[in-house]
Amino acid sequence: MSNAPLMPKATAVWLLDNTALTFDQVADFTKMHPLEVRAIADGDAAQGIKGMDPISNGQLTREEIEKGENNPDYRLRLQESKVVLPPQPKRKGPRYTPVSRRHERPSAILWLLRNHAELKDAQIMRLVGTTKSTIASVRDRTHWNTSSLTPIDPVTLGLCSQIELDFEVQRAAKEKPIDAAYGGATLLPASETTKKEAEYEGAEKSSDDLNVDAVFAKLKTLGGKKQDEEE
């Protein structure tokens, strides 16, 4: 059970208006700062808040208030509630987004798609509190307000915290497979290089052989002509 009463500010307003308790006593009971309680008493804070009677809802007794009024050093004790509520289980699902922020979700989705393309749709849904169909419409530019969308950081919009965004980005980076980086031209296998060298040497050798035979043939021809001239 919480040590603070329900609706602390409303309770503080009622105590200041209907009791002679000190600011410190009211602040201690409502778990507020004494300066904030003083601001409420001066009318500088909690304007328009209707006071809530802690006696009617069973959080405080009249006798407890009288003890506090008679002794400024006395600290009021919160009465235990007679109704025990079962603990609420954590719901698994998309993040709740306030109504005032829901129209800004497409802009946050557009920002995430442009700046963190590695994020999965499920991660964007957790960060922004949106649906898969909305993400698809923003990605495919079929959203009804596509022409007016401006990419805005979801942290700036208050849709998620920077820690949550960093966590999802790091998770996506770890899960993303590492692509083999292109390192330029690679060396040919030895079988290819030796084959080409052998072919080149064979061709060079045959070319040399042809050249030698041609030279000797030409010499023989010249020698035969010279012998005919001498005869």
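The values are calculated or read from the model by the stated rules, or taken from the named source; none is laboratory data. These numbers come from a predicted model, not from an experiment. So basically every Cβ, Gly included, is an ideal-geometry build from the backbone, and we count neighbours across all protein chains shown. Only protein heavy atoms, including side chains, enter the accessible area calculation; ligands, DNA and RNA are left aside. Shrake-Rupley method; radii C 1.70, N 1.55, O 1.52, S 1.80 Å.
Identify the residue in the stretch 72-82 that is open to solvent by 100 Å² or more (accessible area, probe 1.4 Å) and over 13 Å from residue 29 (Cβ atoms) and, among all such residues, is modelled with the highest pLDDT.
Checked the stretch 72-82; the qualifying residue modelled with the highest pLDDT is 73.
Looking only at the stretch 44-71, which residues are farther than 11 Å from residue 9 by Cβ and open to solvent by less than 30 Å² (accessible area, probe 1.4 Å)?
54, 59, 60, 64, 65, 68
Could you tell me whether residue 165 is surrounded by 14 or more Cβ atoms within 10 Å (Cβ to Cβ), at pLDDT 85 or above and outside any helix (DSSP H, G or I)? Quick ask: steps written out before the conclusion?
Numbers: surrounded by 14 or more Cβ atoms within 10 Å (Cβ to Cβ): yes; at pLDDT 85 or above: yes; outside any helix (DSSP H, G or I): no.
It is false that residue 165 is surrounded by 14 or more Cβ atoms within 10 Å (Cβ to Cβ), at pLDDT 85 or above and outside any helix (DSSP H, G or I).
Among the residues of the stretch 16-41, how many are free of Cβ contacts under 8 Å to residues at least 40 places away in the same chain and either among the hydrophobic types (A, V, I, L, M, F, W, C) or not in a helix (DSSP H, G or I) (or both)?
Total satisfying the criteria: 12.
For (1) within 21 Å of residue 171 (Cα to Cα); (2) open to solvent by 50 Å² or more (accessible area, probe 1.4 Å); (3) not in a helix (DSSP H, G or I), each residue gets a yes or a no:
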| residue | (1), (2), (3) |
| --- | --- |
| 107 | no, no, no |
| 110 | yes, no, no |
| 114 | yes, yes, no |
| 117 | yes, yes, yes |
| 125 | yes, yes, no |
| 134 | no, no, no |
| 138 | no, no, no |
| 144 | no, yes, yes |
| 152 | no, yes, yes |
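Looking at 108, 4, 27, can you tell me which residue is touching a helix residue (DSSP H, G or I) at 6+ places or on another chain (Cβ under 8 Å) and modelled with pLDDT under 90?
4
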